[in-house]
Amino acid sequence: MPTLHMRPERKELIDEISRILKEEIGNAGHIIKYCWKVGLFAEKLIISILGEEGCFFPVDIETLATELGIEIEERNLNEFQNENIRALNRKIGQLVIRKDSYTGQKSVTIYVDSMAPPSSRRYAIANEIVQYLLNYDAEKYYENYFIMPMCPMKMEEIAADIFSVFLLIPMRQFLVEFARYVKYRVSNQKIPITTEEWIRYLSERSVLSDYYVAYGYQYLRGIGYWVYQAKNADEKQMQKIKMSIEEKNEIIEWMSGYYTDECEEWLFQN
């Protein structure tokens with residue numbers, strides 16, 4: 001079983017991610033700003049563990065978990081259900097944090113349902129990684145993830161879903177992939193695109209179900225808007241949308257090399 005090691009710089013990053021997920025979602029006020037910040041820190045986490053190339057599709061979510069000191073095990077998570085009672089939902093992921101009372105060593109395990117398809121498995125692991133980030137300092141924690149996400153009871157559940165999607169669809173790679181796809185369909189194939197086809201394509205590239213891609217797509221479109229404004233908004237427009245010069249510079253610097261004039265040409269339609 002992996003031993004939990006955390007370098008100071010990684011602990012600092014995880015502390016900040018945990019704070020953003022726990023505190024800032026309830027006070028965000030500006031959902032696009034919040035999504036940008038969550039997407040930024042999701043990429044920072046991937047890069048700190050897998051490097052820049054780790055953001056390419058499909059993200060190696062299992063290695064990301066392992067490098068965080070999390071063990072992944074397969075098991076039938078639904079084997080003890082009473083066959084005479086119709087289950088409301090099917091469990092596909094489970095996070096268990098435990099501390100040995102004798103050795104004091106803490107272990108973290110994500111159990112994945114052995115019957116879950118690859119796209120559901122990947123999202124379950126991502127979601128349980130986020131639950132770990134929210135509770136990494138706990139000595140004991142137990143949480144289940146189900147194949148059909150029900151309505152959230154807490155704001156942190158919404159934040160966890162957003163972060164999970166961004167771990168599997170990094171925002172910079174999303175914009176690059178979107179621009180390439182549109183250019184290819186319109187310039188090479190001479191065929192107009194549809195939302196359904198694009199979501200299906202991105203689902204295949206990211207190895208993620210159509211549902212989660214469609215869910216994340218709405219937030220990623222908002223990020224596209226935010227990036228566009230950072231590059232093009234004048235002072236008056238920046239005041240109107242409440243974008244500071246510091247935010248503008250941060251976005252431009254982070255997107256450098258990813259967001260180009262050609263990319264912009266295919267991402268937006270006047």
Restricting to the range 229-249, name every residue that is closer than 30 Å to Ser187 by Cα and touching a residue at least 24 places away in the same chain (Cβ under 8 Å).
Ala230, Lys231
Quick check: anything in the range 64-84 assigned to a helix (DSSP H, G or I), within 14 Å of the chain's Cα centre (by Cα), at pLDDT 90 or above and of a type outside the set (D, E, K, R)?
yes
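From Ile252, Ile223, Ile191, grab the single residue that is farther than 23 Å from Ile31 by Cβ, β-branched (Val, Ile, Thr) and either without any contact (Cβ under 8 Å) to a residue 12 or more places away in the chain or not in a loop (DSSP other than H, G, I, E, B) (or both).
Numbers: Ile252 fails: farther than 23 Å from Ile31 by Cβ; Ile223 fails: farther than 23 Å from Ile31 by Cβ.
When all the criteria are applied, what remains is Ile191.
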Please indicate, with yes or no, whether at least one residue in the range 146-155 is in contact with a strand residue (DSSP E or B) (Cβ under 9 Å, 6 or more places away or on another chain), more than 29 Å from Gln269 (Cβ to Cβ) and either surrounded by 15 or more Cβ atoms within 10 Å (Cβ to Cβ) or modelled with pLDDT under 90 (or both).
yes
In the range 135-145, which residues are surrounded by fewer than 21 Cβ atoms within 10 Å (Cβ to Cβ) and not charged (D, E, K, R)?
Asn135, Ala138, Tyr141, Tyr142, Asn144
Return yes when Ile241 is at negative phi, of a type in the set (Val, Ile, Thr) and surrounded by 11 or more Cβ atoms within 10 Å (Cβ to Cβ) and no when it is not.
yes
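Each row is one residue, and each column tells you yes or no for (1) modelled with pLDDT under 95; (2) over 18 Å from Trp36 (Cβ atoms); (3) surrounded by 17 or more Cβ atoms within 10 Å (Cβ to Cβ).
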position: Trp226; (1), (2), (3): no, no, yes
position: Ala230; (1), (2), (3): no, no, yes
position: Lys248; (1), (2), (3): no, no, no
position: Trp254; (1), (2), (3): no, no, yes
position: Gly257; (1), (2), (3): yes, no, no
position: Glu264; (1), (2), (3): yes, no, no
Kindly check whether there is at least one residue in the range 201-210 that is part of a helix (DSSP H, G or I), closer than 27 Å to Glu62 by Cα, without any contact (Cβ under 8 Å) to a residue 60 or more places away in the chain and aromatic (Phe, Trp, Tyr).
yes
Yes or no: the range 54-62 includes at least one residue that is assigned to a helix (DSSP H, G or I), β-branched (Val, Ile, Thr) and either at pLDDT below 95 or over 12 Å from the mean Cα position of the chain (by Cα) (or both).
no
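The values are calculated or read from the model by the stated rules, or taken from the named source; none is laboratory data. As the structure is a prediction and not an experimental result, all values here were calculated from the model. So basically every Cβ, Gly included, is an ideal-geometry build from the backbone, and we count neighbours across all protein chains shown.
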